[in-house]
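Notes follow once the structure below has been shown.
The values are calculated or read from the model by the stated rules, or taken from the named source; none is laboratory data. Not measured: the values here are computed from a predicted model. Here the Cβ is made from the backbone with ideal geometry for all residues, glycine too, and neighbour counts use every protein chain on show. Heads up: the accessible areas ignore ligands, DNA and RNA and are worked out on the full protein's heavy atoms, side chains in. Shrake-Rupley method; radii C 1.70, N 1.55, O 1.52, S 1.80 Å.
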Amino acid sequence: MFFGAVPTECIQQVFKIMDIERWSAAYVCCSGSFRLERALSGAFPELAIHSNDVSVYSAVIGGLATGRPVDVRFTGQLAFVEEILGEADPLDRTAAVLVACEMSRYARATTRYNRTHFDYYRDRFPDYLARTRAKTARALETMRVTSYFSGDWRTHAEAAVEAGAGILAFPPFFKGDYEAQFRFIDENISWDAPDYELYDPSMLREIARGLEARGATYCILTDQLWDDKAPVLKYHVGRKVPHYCYANTPKSSYLRKTTRAQPFRYRPVVPERLTRDSEVVVTQADSAKLSFIKDVYLAKSIVHSAGFGNYLVYIDGMLAGGIVYDEGPVTRMAYGPRTLVLLSDVTTTTAGKISKLVAMMGTCRQLIRPLELTMLKRYERVVTTARTKKHVSMKYRGIFKKLSKRWDEDEGLHIIQYGAPVTDETPQAIYQRWWDKYGPGSR
């Protein structure tokens, strides 16, 4: 349904670089398909999100999300849509615009291929409309937009500066890109289109300098390499146009995952004090606290790294351990795109098979759900890697399935990949299952 979207990998990296949790509000410039807004809504539930764009595609979605639907009427080659809609509700009209945008791909040339596909959409428009309506409704359930500004993204950025808010800008890579993309739609609909000055990407560096001069916090995605400023990240896949991100933030540097440790007070778990009715609480944490725990409890020979999902597991107020998730391109290639990496499951004790409990907690959807909202995908499997001198990992045996195994002659270790499906059990239910099978009550 949505096209021209920002890659989810870029969004993930931007979230690592920018201190968005400290922002009072985020002004998204050139919202496009609102993929960024949906990710922000899941990752920062308290953040005010102000969206912006100039296309009717974005306007109808933004209007629906903010309770201010845009009145769009279909004319010309799309007049048949008006006959189908009749007195349709705003959701149907929004879905109709999105389907029409898909159709427009085949209206730009008069080849037989394009004519056939355009006619196919027209003949089956009610079917596409019903499916797109359902998809749009589901997308809006996970997207929160405070306001939508239909107009020039530079004006929206100025409003962000005045408000002291952060700017996330993803302007077109080519001059006239929007105008060419939506030409057919604009010629065959009627709506209150905004006035704006045509954006020229060659102006982008000067726009950024102006934001820097005013002390604005920004992150801009572009395909440009600037002579006087290094990008904070680069995203490049195959032959596609490279994506570079520039930011004005204290964290500005090439993307790296921090392993800075932040000490904090806690009570290590004492297995002998646990009961089957002990209360389990799992809290999100920043990577610095997880780095501290790993520095204390992991073997000094283990070089650990930070992930994008960090949790602490408490039982009756005592810290049992920590969980760190990440995504790995090798893992995705081997086990599919819906695979999440359990990067670390560290425990504060080696007694009482607590390590099995923390590993089991790593499969809990309640922990994984915020990451799904951030990455705009649903994870079905958790995969982790064990390095051991034994033929199996006693920690994962019985709770994870062995997926692959190899021998590292240099290190003298078995390197074993384990996987387990994501479970909808609550942390408390997982704890009680662990107690019955591995806890004191099982003996």
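Using only Cα coordinates, the Kirkwood hydrodynamic radius of the chain works out to 24.5 Å. In a reduced charge model with +1 at each Lys and Arg Cβ and -1 at each Asp and Glu Cβ, the stretch 126-189 shows a dipole moment near 360 debye about its Cα centre.
Near ALA157, within a Cβ-to-Cβ distance under 15 Å, what is the net charge of the other residues, with Lys and Arg +1 and Asp and Glu -1?
-3
Among beta bridges from DSSP that stay inside the chain, the antiparallel ones total about 70%. Legend: residue pairs LYS229/LYS289; LYS135/LYS289; LYS294/LYS437; LYS135/LYS356; LYS289/LYS353; LYS135/LYS234, Cα-Cα distance threshold 29 Å; pairs beyond threshold, LYS229/LYS289; LYS135/LYS289; LYS135/LYS356; LYS135/LYS234. Most tightly packed first, judged by the mean number of other beta-carbon atoms within 10 Å of their residues, the peptides 128-139, 191-202 read 128-139, 191-202.
With a ≥ b ≥ c the root eigenvalues of the C-alpha gyration tensor of the stretch 96-190, is it rounded (a/c under 1.5), prolate (a/b larger than b/c) or oblate? Provide the component values of the computation, followed by the final result.
Numbers: a/c = 3.26, a/b = 1.62, b/c = 2.00.
It is oblate, given that a/c is not under 1.5 and a/b is not larger than b/c.
The accessible surface of the stretch 88-135, taken with every protein chain in place and a 1.4 Å probe, is 48 percent carbon and sulfur. Accessible area per residue for the chain, computed on protein heavy atoms with a 1.4 Å probe, is 49 Å².
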